[in-house]
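Just below is one structure, and these are the notes that go with it.
The values are calculated or read from the model by the stated rules, or taken from the named source; none is laboratory data. Predicted, not measured: the structure shown is a model, and the values here were computed from it. Neighbour counts run over all protein chains shown; Cβ positions are idealised from the backbone, glycine included.
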Amino acid sequence: MVDTETLGLLRCLGCSGGIAQQDETTLRCAGRGDDHGDGDGCGKTYPVVEGIPVILTDTEDEVGSVIRTFYESEWKAGADAGDRVVPRARVAHEDMSGLGQRYIYKNEARFGRVFEGMGSSGLFLDAGCGAQPREEFGAGFGKHVCVDFSIEGLIEARRVLGDRALCVCGSLLDLPFKDGVFDGVLASHVLYHIDAGQQFTAARELTRAVGRGGRVLVFYGNPVSLERRLAGLARRVLGKKRSDMRSAARAFYFHAHPIGVMRGYLADGFGAGGLGGGRVRAVTLRLFGRRITAPLFGVPVIGGVLYLVVRVVEIALGWMPGLATYVAYVGEKD
Ligand SMILES: [Zn+2]
């Protein structure tokens with residue numbers, strides 16, 4: 001069975017009506033205007049797997065393949081990384097060294113204040129969290145809602161968050177939630193893994209799901225960063241080919257739109273549907289990515305000193321998000 005709090009948030013993808021429990025392993029559309037459902041819905045049903053509602057669009061094939069992948073998966077919590085489960089996409093894109101992780105953590109922790117004072121009864125949406133819910137960002141809220149394509153990721157997220165977690169299997173392109181139900185929404189390094197042409201849709205869905213006075217935080221890439229320019233310069237000076245690390249990263253789709261474009265997507269989302277507007281600003285998340293930090297922090301003996309140098313450079317240049325490799329978008333809905 002699915003708890004009533006989760007059921008109350010869910011939106012039928014066929015008709016945007018509510019969703020009700022049909023039996024132990026099935027949910028059904030309850031239609032519009034009547035969340036208890038008197039059979040006036042569009043007739044769509046949705047499976048429940050391991051207690052997690054699977055609210056996906058499109059064809060039965062898509063739903064079937066998500067469920068099949070789950071049952072056939074060799075994935076087990078902590079199987080290859082101790083207690084920590086690290087998605088392969090992260091390993092491909094991030095500096096996984098101790099200093100590299102500290103650099104990432106310190107910069108992201110600054111954004112905890114975006115959600116400060118949002119109310120301890122509020123709802124926090126962690127969009128595309130996979131197996132790594134951002135516990136620190138949702139801590140001030142009443143419940144931490146996880147939505148992701150991966151059922152195994154959600155089961156791990158639920159294990160990490162315990163009773164605070166409400167988990168739903170769904171797509172960021174057609175969020176299975178009613179309008180304006182969240183007080184805070186986070187999309188941490190997920191939008192740039194979505195097809196370039198569909199990121200606008202995802203941005204609109206995130207802004208739709210947040211309520212008035214609520215805040216949206218998006219961690220995202222910047223295609224014209226200082227790092228990228230330096231890497232290009234270094235290649236020309238040293239006559240090197242693009243480094244091999246790119247081949248590992250290439251297995252995971254990545255496309256970051258320029259700052260003006262993504263900020264526009266989010267601002268347009270706030271203005272959609274006559275639900276008022278909102279403000280969106282872009283702020284430096286971190287100046288450098290692994291192309292700079294991995295070689296610098298990895299230098300024997302003086303890696304720690306170079307870490308401090310990078311931090312100083314970051315403080316000096318942090319006010320210019322156009323230079324940053326990763327940008328944070330902070331939005332507030334009027
Ligand atoms: Zn329906």
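Assorted remarks:
- For A92: the one exception among (1) under 21 Å from V305 (Cα atoms); (2) assigned to a helix (DSSP H, G or I): (1)
- Any hit, region 4-21, residues being of a type in the set (S, T, N, Q), surrounded by 15 or more Cβ atoms within 10 Å (Cβ to Cβ), away from the ligand (no atom under 16 Å from the Cβ) and modelled with pLDDT of 95 or more: yes
- Considering residues of region 159-197 that are closer than 26 Å to N107 by Cα and β-branched (V, I, T) only, the residue farthest from the chain's Cα centre (by Cα): V160
- Matching option when the condition is surrounded by 23 or more Cβ atoms within 10 Å (Cβ to Cβ) and of a type outside the set (F, W, Y), among G239, G184, G211: G184
- Every condition in (1) closer than 24 Å to V181 by Cα; (2) away from the ligand (no atom under 16 Å from the Cβ); (3) out of contact with any helix residue (DSSP H, G or I) (no Cβ under 7 Å at 6 or more places or on another chain); (4) modelled with pLDDT of 90 or more holds for M1 except the one numbered (4).
- Taken as a whole, the structure places S121 among residues that are free of Cβ contacts under 8 Å to residues at least 60 places away in the same chain and within 25 Å of A20 (Cα to Cα).
- When restricted to residues that are among the hydroxyl-bearing types (S, T, Y) and in a helix (DSSP H, G or I), region 298-330 contains 1.
- G170 over 23 Å from V114 (Cβ atoms) and either part of a strand (DSSP E or B) or among the β-branched types (V, I, T) (or both): yes
- Contact annotation: residue pairs with Cβ atoms under 6 Å, 6 or more positions apart or on different chains, pairing a residue in region 6-29 that is farther than 9 Å from Y46 by Cα with a partner that is within 14 Å of the ligand (Cβ to nearest atom) and among the acidic types (D, E), are L13/D174; G18/D35.
- All conditions but one from (1) at pLDDT 90 or above; (2) closer than 26 Å to I194 by Cα; (3) surrounded by 15 or more Cβ atoms within 10 Å (Cβ to Cβ) apply to V224; the one that does not is (3).
Conditions tested, residue by residue: (1) within 28 Å of P53 (Cα to Cα); (2) over 15 Å from the mean Cα position of the chain (by Cα); (3) at pLDDT 95 or above.
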position	(1), (2), (3)
D95	no, yes, no
G98	no, yes, no
V114	no, yes, yes
R134	yes, no, yes
